[in-house]
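J.: Got a structure for you, written out below as structure tokens; questions coming shortly.
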Amino acid sequence: MSIFLYSLISGILTGGVYALIGIGLTLIFGVMRIINFAHGDLMMLGMYGTYLLSTFLGVDPFVSVLLVFPAMFLFGGLLQKALINRMLTSVAQNQILLTIGLGLILSNTVMLIFTSDYKTVTTSYASSTLKLSENVSVSAPLLVAFSITAAITAGLYWFLQKTDTGQAIRATAQDRDAARLMGINVSRMSILAFGLGSALAGTAGALLMPTTYTFPQIGSVFTLKAFVITVLGGMGSVVGATLGGILIGIAESLSAVYISSGWKDVAVFVLFLLVLLFKPSGLLGKSRT
Amino acid sequence: MLRIDKLNFSYGDMKVLWDVDLEVHPGEIVTVVGANGAGKSTTLKNISRLVKPDSGGITFEGVNLNRLQPHEVVGLGIVQVPEGRRIFPEMTVTENLRMGSYLKATRKFRESNFEWVFHLFPRLKEREKQLGGTMSGGEQQMLAIARGLMANPKLLLLDEPSLGLSPLFVKNIFQILTDINKEGVTILLVEQNVYQSLRISNRAYVMETGRVVLSGSGEELLNDEHVKKAFLGM
Ligand SMILES: Nc1ncnc2c1ncn2[C@@H]1O[C@H](COP(=O)(O)OP(=O)(O)OP(=O)(O)O)[C@@H](O)[C@H]1O
Ligand SMILES: [Mg+2]
């Protein structure tokens with residue numbers, strides 16, 4: 001029982017961080033109807049940012065979020081402005097090639113600079129745990145990562161629901177031409193969405209660093225994971241992506257404990273296929289025409 | 001106020017507008033009527049810059065629109081209530097209306113504009129929290145017009161606001177358009193409901209297969225033999 005509880009809880013905590021990656025992808029998809037195949041690579045950049053800050057400047061990985069978030073926001077916004085905004089009217093294949101190519105450039109550039117060695121950050125608390133009860137304890141850095149994720153998600157939700165700019169992003173996602181007719185500068189909203197999506201991915205990378213390692217090609221696994229999360233939750237739904245992320249975290253964690261760690265990716269895809277079979281529009285998605 | 005000069009437009013290889021000339025003066029209600037596919041909506045899309053013309057100029061209060069982005073056109077005071085309502089389905093009535101006054105210049109008047117549109121459409125006030133996508137067709141049309149008004153338009157473009165509405169509702173909408181116009185909003189209306197719209201119009205244009213074939217005062221066109229035969233079934 002305590003093993004079950006332990007893996008359930010760490011699944012939820014890790015899943016929360018995955019959710020951040022999924023939310024970024026879903027936001028970008030919602031506003032631009034493109035799937036960002038470079039998404040995992042943006043997360044990887046966040047990981048290396050945290051690695052650099054921690055190794056050379058002694059910045060705590062969790063504190064590094066304060067720099068990684070805005071830096072990745074600017075980087076993503078710039079990518080959108082310089083490259084992706086020009087491609088929004090071209091055919092889907094070209095958009096796919098563009099983001100795939102972008103991902104390759106990012107991962108190969110990082111490999112040139114840092115080689116393909118695994119990089120880790122060292123913290124005093126990497127393996128410290130918090131006792132929840134007599135025989136259930138959770139990883140402290142994972143709990144901190146989850147709390148920061150929750151705060152960022154809540155902030156994002158508030159921004160999208162309550163502010164004029166956030167509402168304009170949602171309006172653009174729901175009807176681009178109607179948004180234009182409201183005086184909304186939709187290419188600016190696209191820049192914002194891609195900047196936010198990148199910032200969320202980079203932040204997730206930063207938050208994972210105390211409990212994991214990174215290497216230049218780590219992105220592709222996470223792009224896939226983000227895609228599964230997004231489809232699970234219903235393309236374009238922020239709440240859905242949050243749920244999807246947590247579900248994936250739990251599936252990974254439970255299958256690693258009860259089957260074997262080699263099976264955790266299989267479990268994710270089995271879950272994915274089941275949802276596609278029984279609720280193809282995703283858990284919270286509405287069927288689109 | 002608005003002046004369209006020899007507007008030509010094609011969707012890809014298919015030419016749909018030929019040398020369209022059209023003018024709207026301050027304070028007027030001007031109607032464009034014409035059969036399906038005549039190019040009415042396309043003309044409005046050109047004004048709002050959702051599409052770019054092949055040739056021809058559009059000016060508004062002396063400003064050439066040819067270089068502007070759609071959101072900049074809204075900034076000048078040209079607001080379109082598009083065909084098919086196009087309200088934001090996953091947003092509440094209030095949120096939809098807030099988007100109408102998204103631009104900084106109009107945000108200042110948001111509160112008084114809310115009062116104005118709730119006064120014109122009391123039904124919307126009762127439904128403040130309802131999602132746009134779950135409203136009835138007539139309610140969505142009210143919301144679309146109200147959302148347009150939230151932007152303090154100088155010139156309001158309306159594309160078939162009466163489409164799919166019950167007769168009672170249609171009367172209501174035309175009454176409201178007349179009222180809005182009296183409050184100082186100039187209106188360019190595209191309608192298939194030829195009789196009602198010509199009655200409230202100062203002037204009107206008839207379009208056929210991408211060309212303006214007839215124009216005159218609302219009254220003249222109501223009595224025109226061709227209009228009577230083609231649109232009024234007389
Ligand atoms: N997005 C598009 N792509 C290609 N052709 C289009 C497009 N939109 C409209 N057309 C064509 O352009 C012509 C003019 O269409 P438009 O929508 O302006 O007509 P309309 O006068 O508004 O008709 P209706 O009364 O049916 O709304 C039609 O032949 C139509 O098929
Ligand atoms: Mg039309």
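Laboratory data are not the source of any read-out in this text; all were calculated from the coordinates shown. As the structure is a prediction and not an experimental result, all values here were calculated from the model. We place every Cβ from the backbone using ideal geometry, glycine too, and count neighbours over all the protein chains shown.
J.: Highest GNM mean-square fluctuation, chain A, Cα pairs closer than 10 Å: which of A:Ala150, A:Ala241, A:Ala206?
T.: Greatest mean-square fluctuation among the candidates belongs to A:Ala150.
J.: Give the relative contact order (percent, whole number) for segment B:86-152; include only Cα pairs under 8 Å separated by 6+ residues.
T.: Reported as a whole number, the value is 56 percent.
J.: What is the average number of partner chain Cβ atoms found within 10 Å of a Cβ in A:229-235?
T.: Across the residues of A:229-235, the mean count of other-chain Cβ atoms within 10 Å is 0.
J.: Place a label point 7 angstrom from the Cα of A:Asn108 along the Cα-to-Cβ direction, then list the residues of segment A:217-252 whose backbone nitrogen is under 17 Å away.
T.: A:217-220
J.: Counting only the backbone N, which residues of segment B:79-110 are under 13 Å from the spot 7 Å out from the Cα of B:Gln192 toward its beta-carbon?
T.: Only B:83-84 pass the distance filter.
J.: Spelling out what I want: for every residue of segment A:50-67, take phi, set θ = phi - 60°, compute 6.51 cos²θ - 1.76 cosθ + 1.60 (Karplus), and round to whole Hz; glycine and proline get x.
T.: Values, residue by residue: 5, 4, 4, 4, 6, 6, 9, 10, x, 6, 4, x, 5, 5, 4, 4, 4, 9 Hz.
J.: Still on this structure, I have one more. Could you identify which residue out of A:Gly262, A:Gly24, A:Gly195 has the top mean-square fluctuation in a GNM of chain A using Cα springs shorter than 10 Å?
T.: A:Gly262
J.: Turning to a different aspect of this structure: Ignore the peptide's own chain and count Cβ atoms of other chains within 10 Å of each Cβ in B:44-54; give me the average, rounded.
T.: Averaged over the peptide's residues, the number is 1.
J.: Okay, moving on. Kindly provide the helix-only [θ] at 222 nm of chain A, computed as the sum of -39,500 (n - 2.57) over DSSP H runs of four or more divided by all residues, to the nearest 500 deg cm²/dmol?
T.: -25000 deg cm²/dmol
J.: Further, regarding this structure: Give the average over all directions of the projected area of the C-alpha convex hull of the protein assembly as shown, one decimal, in nm².
T.: Over all viewing directions, the protein assembly as shown projects a mean Cα-hull area of 28.2 nm².
J.: All other residues with a Cβ under 11 Å from the Cβ of B:Ser217 taken together, and with Lys, Arg as +1 and Asp, Glu as -1, what is their net charge?
T.: -3
J.: Please give, to one decimal in nm, the separation of the simple spin-label points placed at B:Gln130 and B:Ser166, each 7 Å out from Cα toward the Cβ.
T.: Those two pseudo-labels are separated by 1.3 nm.
J.: Quick one: which of B:Lys15/B:Lys40; A:Lys162/B:Lys108; B:Lys108/B:Lys129; B:Lys104/B:Lys154; A:Lys279/B:Lys129; A:Lys225/B:Lys129 span more than 24 angstrom between C-alpha atoms?
T.: Cα-Cα > 24 Å for A:Lys279/B:Lys129; A:Lys225/B:Lys129; rest within.
J.: Say we join alpha carbon atoms closer than 10 Å with springs in a Gaussian network model of chain A; which of A:Leu247, A:Leu57, A:Leu45 then has the biggest fluctuation?
T.: So, out of A:Leu247, A:Leu57, A:Leu45, the one fluctuating most is A:Leu57.
J.: Round to the nearest 0.05 the FRET efficiency obtained for B:Ser10 and A:Ser116 when R0 = 51 Å and r is the Cβ-Cβ distance.
T.: E(calc), rounded to 0.05, equals 0.45.
J.: Same structure, new question: Just check segment A:1-115 against the gyration tensor rule for me: Cα atoms, a ≥ b ≥ c as the square roots of the eigenvalues, rounded for a/c under 1.5, and otherwise prolate or oblate depending on whether a/b exceeds b/c.
T.: Note, shape of segment A:1-115 comes out oblate.
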